[in-house]
Amino acid sequence: MIRIAACQYAIELHERWDTYAAHLEGLCAEAAARGAKLLVLPEYAGLVLAGQLPPAERGDLQASIAGIQPLLQDWRALCAGIAAKLGVYLQPGSLPVRDADGRFRNRAWLFGPGGELGYQDKLIMTRFEREQWGIEAGKGLKVFDTALGRLGILICYDNEFPMLARTLAEGGADLILAPSCTDTEAGYNRVRIGAQARALENQIAVLQSPTVGFAPWSPALDENIGRAGLYVPPDFGMPSNGVIAESPELCPSTSQWLICDLDLDEVRRVRTEGQVFTRRDWPEQFGQATLL
């Protein structure tokens, strides 16, 4: 049994580094004090760093993305320090990163008690990212070995594409982290439905963490809505609706943690003793998917 925490992360303005660092440290310490060993923040949570830029710069979409790049090294060190100090695994949300080729990618790092474990880039861009942000797709998927189990990360929209989660599942991932950022209830539900479908298909667990709140100072994160949730396959020993827990409020005014206990052994057991074997039977659809 592991205790995990997904944050409904309220987008707030932090104009100084020390204020932001204290905010992130305090937020993570709150979840750790409640026994959580894995902490997940949402997609683009790292863009809150733009609050430290001059108002004109943080109010410009492209300038804010470029402006946070000099802060990334210190941000990664901060996240690594929090994970080490609290003895937790921390996925502190994603943020745009300019690579050596000059292109921006939406990147989510994972930190453990022993340091940085690597990152996962978003692979399929939304219209907004393609048409306005200039964010490009990363390449490939990674599975992270941790003391808690094997983890994968699918950022927001990526959860709506079955083959990505299937690849992680076949790579041994038992839990997928789904940091998300959506500005409408429909957008949140698209990701939620995708997360639940991926849990059903692969007989694994999926943990969603969304942004919430309103930030008129940020053209990227001005409106945010969504619930945190932990999803599993609906089957013997699992909740009948596949929902272990969801946040009670759709859009709280402050950051809220959803703290859940998850038994990955029980999730694995469904694959061998469940009412159905969707994971095992997955390949059969390809031979049947023909029109007569």
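Residues in segment 53-102 that are more than 26 Å from residue 4 (Cα to Cα), assigned to a helix (DSSP H, G or I) and of a type in the set (Asp, Glu): 57 alone. Being within 22 Å of residue 228 (Cβ to Cβ), touching a strand residue (DSSP E or B) at 6+ places or on another chain (Cβ under 9 Å) and touching a residue at least 24 places away in the same chain (Cβ under 8 Å) holds for only one residue in 31, 66, 80, and it is 31. I'm trying to understand the selection: among the residues of segment 142-166, which are open to solvent by 50 Å² or more (accessible area, probe 1.4 Å) and not in a helix (DSSP H, G or I)? The answer is 142, 145, 147, 150, 161.
Taking the residues in segment 196-219 that are of a type in the set (A, V, I, L, M, F, W, C) and surrounded by 19 or more Cβ atoms within 10 Å (Cβ to Cβ) as candidates, determine which candidate is nearest to residue 282 (Cα to Cα).
First, the residues of segment 196-219 that are of a type in the set (A, V, I, L, M, F, W, C): 197, 199-200, 204-207, 212, 214-215, 217.
Keeping just the survivors that are surrounded by 19 or more Cβ atoms within 10 Å (Cβ to Cβ) gives 199-200, 204-207, 212, 215.
On the way: 199: 13, 200: 11, 204: 14, 205: 17, 206: 18, 207: 22, 212: 35, 215: 43 Å.
Checking each candidate, the answer is 200.
Would you be able to tell me the number of residues in segment 48-96 that are of a type in the set (Asp, Glu) and in contact with a His (Cβ under 8 Å, 6 or more places away or on another chain)? Steps first, answer last, please.
Within segment 48-96, the subset of a type in the set (Asp, Glu) is 57, 60, 74.
Still in the list and also in contact with a His (Cβ under 8 Å, 6 or more places away or on another chain): none.
Number of matching residues: 0.
Mind listing whichever residues of segment 117-136 are modelled with pLDDT of 95 or more and either in a loop (DSSP other than H, G, I, E, B) or surrounded by 16 or more Cβ atoms within 10 Å (Cβ to Cβ) (or both)?
First, pick out the residues of segment 117-136 that are modelled with pLDDT of 95 or more: 117-124.
Answer for segment 117-136, where residues must be modelled with pLDDT of 95 or more and either in a loop (DSSP other than H, G, I, E, B) or surrounded by 16 or more Cβ atoms within 10 Å (Cβ to Cβ) (or both): 117, 119, 120, 121, 122, 123, 124.
Counting only helices (runs of 4 or more DSSP H) that sit completely within segment 232-292, those holding 2 or more residues that are open to solvent by less than 40 Å² (accessible area, probe 1.4 Å) correspond to 264-273. Applying the condition of being among the basic types (Lys, Arg) and surrounded by 17 or more Cβ atoms within 10 Å (Cβ to Cβ) to segment 34-75 and asking which residue is nearest to residue 260 (Cα to Cα) yields 37. Has segment 98-116 got any residue that is under 19 Å from residue 160 (Cβ atoms), open to solvent by 60 Å² or more (accessible area, probe 1.4 Å) and more than 14 Å from the chain's Cα centre (by Cα)? No, that holds for no residue.
Here's the yes/no breakdown for (1) closer than 21 Å to residue 78 by Cα; (2) touching a helix residue (DSSP H, G or I) at 6+ places or on another chain (Cβ under 9 Å); (3) among the small types (Gly, Ala, Ser):
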site	(1), (2), (3)
112	yes, yes, yes
119	yes, no, no
126	no, yes, no
129	no, yes, no
134	no, yes, yes
139	no, no, no
143	no, yes, no
149	no, yes, yes
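Scan segment 15-27 and tell me whether some residue there is of a type in the set (Val, Ile, Thr) and outside any helix (DSSP H, G or I). So far as segment 15-27 goes, no, none of its residues is of a type in the set (Val, Ile, Thr) and outside any helix (DSSP H, G or I). A search for C-beta distances below 9 Å between a residue of segment 182-199 that is farther than 15 Å from residue 278 by Cβ and assigned to a helix (DSSP H, G or I) and any residue that is open to solvent by 10 Å² or more (accessible area, probe 1.4 Å) and among the basic types (Lys, Arg), counting only pairs 6+ apart in sequence or on different chains, returns 188/227; 192/227. Considered as a group, the residues in segment 116-170 that are among the acidic types (Asp, Glu) and in contact (Cβ under 8 Å) with a residue 12 or more places away in the chain include one that is nearest to residue 187 (Cα to Cα), and that residue is 160. When residue 173 is tested against (1) closer than 16 Å to residue 238 by Cβ; (2) not in a helix (DSSP H, G or I), exactly one condition is not met: (1).
Would you be able to say whether some residue in segment 167-175 is open to solvent by less than 10 Å² (accessible area, probe 1.4 Å) and under 19 Å from residue 92 (Cα atoms)? Taking every residue of segment 167-175 in turn, at least one turns out to be open to solvent by less than 10 Å² (accessible area, probe 1.4 Å) and under 19 Å from residue 92 (Cα atoms).
Quick test for you: out of 193, 225, pick the one residue that is crowded, with 16+ Cβ neighbours inside 10 Å and at pLDDT 95 or above. Talk me through it step by step, then tell me what you get.
Details: 193 fails: crowded, with 16+ Cβ neighbours inside 10 Å.
225 is the lone residue from the list that is crowded, with 16+ Cβ neighbours inside 10 Å and at pLDDT 95 or above.
The values are calculated or read from the model by the stated rules, or taken from the named source; none is laboratory data. Computed from a predicted structure; not experimentally measured. No Cβ is skipped: glycine too gets one built from the backbone with ideal geometry, and neighbour counts run over all protein chains shown. Keep in mind that these areas ignore ligands, DNA and RNA; they rest on the heavy atoms of the full protein, side chains included. Shrake-Rupley method; radii C 1.70, N 1.55, O 1.52, S 1.80 Å.
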